[in-house]
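Colleague: Here's a structure for you.
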Amino acid sequence: MRRLSRRGFTFVELLVLMALIGLLAAILLPALARAREAARRSSCQSNLKQWGVVFKMFAKENSGLFPLNSLHISAKDVPISNTRMSVYVGWWQIYPEYLADARPNGCPSSIQYPKMAATDYSIPRNSLAGCGAAMVAWANVTNQETDNPCYGKRAAPETFDSIRGQSSSLYFDCSLDVGACAPYVHADMAKFGYTDLVRSYKYFGFFIDPHWMSKSADDFYAVGSTFLNAPELSYPGATTNGTHMQWGNRNAGSFTYPFPTGSSQGTFTIMRLKEGVERLVTTDVNNPDASADARSDIVVSYDEAIAYNGQVVNSKDGPRFNHVPTGANILYMDGHVEFARVGSRGGRFWPVNQFFAKQMATTSAWASGLNFP
C-alpha cells in the first residue's frame, strides 16, 4: 500500500505567505487604529456634552453665570487676589452637586487617561486636595470669601510627594482630614504621584467673540495673551490695565483691551460667560433664530491642546493634544459639540483654526512660545 506523501511549504512559499500577511496588516491595522480613535473621540464628545448640561444647570441656579475658573488652592501669592486662575473649570463649584464623578474630566484619547481610569475617585485623597495655609487665611481671616474653595476649611500640612520629589499642601492625604481639603481633580497620588494633567478639557470661562479670532494672527494671540500673560502684555500697542484672570477680579464685570497696533478691530471687551451674552454678537436681538445662531458659535470648552510655534509639543508629561494630528472636539454655548480639524477657517473654530500654532506669524514673532489656545 502506497503512503501518501506530505510536503511542507517551501522557503519561497513561506516568504510569499509572510509578505501577504504583512500586506494585510499594513492595510487593516491603520483602519483598526482609526476605528479605535473614532470610538475614543466619540467618548470625548459625550463628556463635553455632559459638561454642557452641567454648565446649563449651574447657570440656571446662579443668575445665568457660568462657573468660575479653577483656582490653585495651595497658592502663596501675596495678596491671594493676585493669584491667576487656570483655564479649567473650578471643580469645587461642580462637585458633587452637579457632577458626582470625576471621569468626565478625562478624554480616552489623552495619553494621561490611563491614570484617571486607574484612579478610585470614591476615596477622598483622589477627589480632594489640601488647602494651603495662605489660601485658608485669605478666605477665612483676611476676607470672608464664601465663593473661595477653601472657605470654611482648615490648612492642610505641607506633604512630601516621593514620586514628584517635592512638598505641597496639595499632596496631603485628604482621607485623613476632609475638612482641610477642597474638590480638586487629579490622579491617584499613591500610584502616580500628584498630577492634575488628567483633566482633558480647557475652559476659559469668559466670552470670546468669534469675530475677534478670524482676522489676523496678531489679533488672535493678543486675545490669548490677556488670558495667559496680563498684565505683562507684550504685543504692540498693549496696555497694562490688570487682568480678568486674577482671582481678585473674578466679579469685576468686564475688561477692555486694545488690539495690536495696526489692527482694524480697535478694542475687545472680555467678560465672564453668562446666559444672554450672545446678544453682544447678534445684530437683531429680537430675532430668536439670530440669537440661537450666535450661541452655536460661542466656544465654551474644548479638548486640551498645547502648541508652540507650529508644532504640537511633548512636555515631560507627554503630548497634551488629545487628537493628534487631526483636530479637537469643541463645546459651544448652545450645548452642541463639533469636531473641528486643525486649520479649519473661521472664528467659531478658534481653538484649532487657521492661526492655531502660528505664533511665529505674529508681527516680529512677539507671541513666540505663548501656550494659546
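The values are calculated or read from the model by the stated rules, or taken from the named source; none is laboratory data. No experiment lies behind these values; they were computed from the predicted model shown. Neighbour counts run over all protein chains shown; Cβ positions are idealised from the backbone, glycine included.
Colleague: Can you pull out the strands (runs of 3 or more DSSP E) entirely within region 106-224 that have at least 1 residues that are more than 23 Å from residue 54 (Cβ to Cβ)?
Modeller: Working: elements: 128-130, 159-161, 166-168, 181-183, 201-203.
Per the criteria, 128-130, 159-161, 166-168.
Colleague: Among the numbered criteria (1) buried (at least 23 other Cβ atoms within 10 Å of the Cβ); (2) over 24 Å from residue 272 (Cα atoms); (3) at pLDDT 95 or above, which single criterion is violated by residue 150?
Modeller: All conditions pass for residue 150, except number (2).
Colleague: Six or more apart or on different chains, Cβ under 8 Å: which pairs go from a residue in region 254-269 that's farther than 10 Å from residue 235 by Cβ to one that's surrounded by 15 or more Cβ atoms within 10 Å (Cβ to Cβ) and acidic (Asp, Glu)? Could you list them?
Modeller: If the second residue must be surrounded by 15 or more Cβ atoms within 10 Å (Cβ to Cβ) and acidic (Asp, Glu), the pairs left are 262/218; 265/219; 268/209.
Colleague: Separate question: Tell me, yes or no, whether region 347-361 has at least one residue that is touching a Phe, Trp or Tyr at 6+ places or on another chain (Cβ under 6 Å), in a loop (DSSP other than H, G, I, E, B), at pLDDT 85 or above and surrounded by fewer than 17 Cβ atoms within 10 Å (Cβ to Cβ).
Modeller: So far as region 347-361 goes, no, none of its residues is touching a Phe, Trp or Tyr at 6+ places or on another chain (Cβ under 6 Å), in a loop (DSSP other than H, G, I, E, B), at pLDDT 85 or above and surrounded by fewer than 17 Cβ atoms within 10 Å (Cβ to Cβ).
Colleague: Let me ask you something else. What pairs come out if I take residues in region 185-198 that are more than 17 Å from residue 122 (Cα to Cα) and pair them with residues that are of a type in the set (S, T, N, Q) and part of a loop (DSSP other than H, G, I, E, B) whose C-beta lies under 7 Å away, six or more apart or interchain?
Modeller: Once the first residue is more than 17 Å from residue 122 (Cα to Cα) and sits in region 185-198, its partners that are of a type in the set (S, T, N, Q) and part of a loop (DSSP other than H, G, I, E, B) give 197/112.
Colleague: If you check residue 262 against the conditions, is it in contact with a Ser or Thr (Cβ under 6 Å, 6 or more places away or on another chain) and either surrounded by fewer than 18 Cβ atoms within 10 Å (Cβ to Cβ) or assigned to a helix (DSSP H, G or I) (or both)? Talk me through it step by step, then tell me what you get.
Modeller: Details: in contact with a Ser or Thr (Cβ under 6 Å, 6 or more places away or on another chain): no; either surrounded by fewer than 18 Cβ atoms within 10 Å (Cβ to Cβ) or assigned to a helix (DSSP H, G or I) (or both): yes.
Answer is no for this residue.
Colleague: Can I ask one more? Condition check: outside any loop (DSSP other than H, G, I, E, B) and either modelled with pLDDT under 95 or surrounded by fewer than 18 Cβ atoms within 10 Å (Cβ to Cβ) (or both). Does residue 255 satisfy that?
Modeller: On the way: outside any loop (DSSP other than H, G, I, E, B): yes; either modelled with pLDDT under 95 or surrounded by fewer than 18 Cβ atoms within 10 Å (Cβ to Cβ) (or both): yes.
Judged against the criteria, residue 255 is a match.
Colleague: Search region 55-72 for residues being of a type in the set (A, V, I, L, M) and not in a loop (DSSP other than H, G, I, E, B), and hand back the single one that is surrounded by the most Cβ atoms within 10 Å (Cβ to Cβ).
Modeller: 59
Colleague: Here's a follow-up. Tell me, yes or no, whether region 90-105 has at least one residue that is among the charged types (D, E, K, R) and under 21 Å from residue 146 (Cβ atoms). Don't jump to the end; show me each part of the working.
Modeller: Step one: of region 90-105, the residues among the charged types (D, E, K, R) are 97, 101, 103.
From what's left, under 21 Å from residue 146 (Cβ atoms): 97.
So far as region 90-105 goes, yes, one or more of its residues are among the charged types (D, E, K, R) and under 21 Å from residue 146 (Cβ atoms).
Colleague: Oh, and also: Has region 333-346 got any residue that is of a type in the set (A, V, I, L, M, F, W, C) and at pLDDT below 85? Outline the logic, then answer.
Modeller: Taking region 333-346 and keeping what is of a type in the set (A, V, I, L, M, F, W, C), we get 333, 337, 339-340, 342.
Pick out the ones that are also at pLDDT below 85 and you get none.
No, there is no match, as no residue in region 333-346 is of a type in the set (A, V, I, L, M, F, W, C) and at pLDDT below 85.
Colleague: Also: Please identify the pairs in which a residue from region 220-245 that is touching a residue at least 12 places away in the same chain (Cβ under 8 Å) has its Cβ atom under 8 Å from the Cβ atom of a residue that is assigned to a helix (DSSP H, G or I) and of a type in the set (D, E, K, R), counting only partners at least 6 apart or on another chain.
Modeller: 235/218; 236/218
Colleague: I'd like the full set of residues that are in contact with a strand residue (DSSP E or B) (Cβ under 7 Å, 6 or more places away or on another chain), among the aliphatic types (A, V, I, L, M), crowded, with 19+ Cβ neighbours inside 10 Å and touching a residue at least 60 places away in the same chain (Cβ under 8 Å), limited to region 87-128.
Modeller: Matches in region 87-128: 87, 89.
Colleague: A further question follows. Given (1) surrounded by fewer than 19 Cβ atoms within 10 Å (Cβ to Cβ); (2) modelled with pLDDT of 95 or more, where does residue 236 come up short, assuming only one miss?
Modeller: Exception for residue 236: condition (2).
Matching residues to (1) within 17 Å of the chain's Cα centre (by Cα); (2) at pLDDT below 90; (3) crowded, with 18+ Cβ neighbours inside 10 Å; (4) not acidic (Asp, Glu):
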residue	(1), (2), (3), (4)
12	no, yes, no, yes
19	no, yes, no, yes
23	no, yes, no, yes
26	no, yes, no, yes
35	no, yes, no, yes
44	yes, no, yes, yes
50	yes, no, no, yes
74	no, no, yes, yes
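Colleague: If you don't mind, there's one more thing I want to ask. Part of a loop (DSSP other than H, G, I, E, B) and either modelled with pLDDT of 90 or more or on the phi < 0 side of the Ramachandran plot (or both): which single residue out of 294, 290, 305 fits that description? Don't jump to the end; show me each part of the working.
Modeller: Details: 294 fails: part of a loop (DSSP other than H, G, I, E, B); 290 fails: part of a loop (DSSP other than H, G, I, E, B).
Checking each option against the conditions leaves just 305.
Colleague: State the number of residues belonging to region 190-222 that are surrounded by fewer than 21 Cβ atoms within 10 Å (Cβ to Cβ) and among the small types (Gly, Ala, Ser).
Modeller: Counting residues in region 190-222 that are surrounded by fewer than 21 Cβ atoms within 10 Å (Cβ to Cβ) and among the small types (Gly, Ala, Ser) gives 5.
Colleague: Looking only at region 40-86, count how many residues are touching a residue at least 60 places away in the same chain (Cβ under 8 Å), aliphatic (A, V, I, L, M) and touching a Pro at 6+ places or on another chain (Cβ under 9 Å).
Modeller: 4
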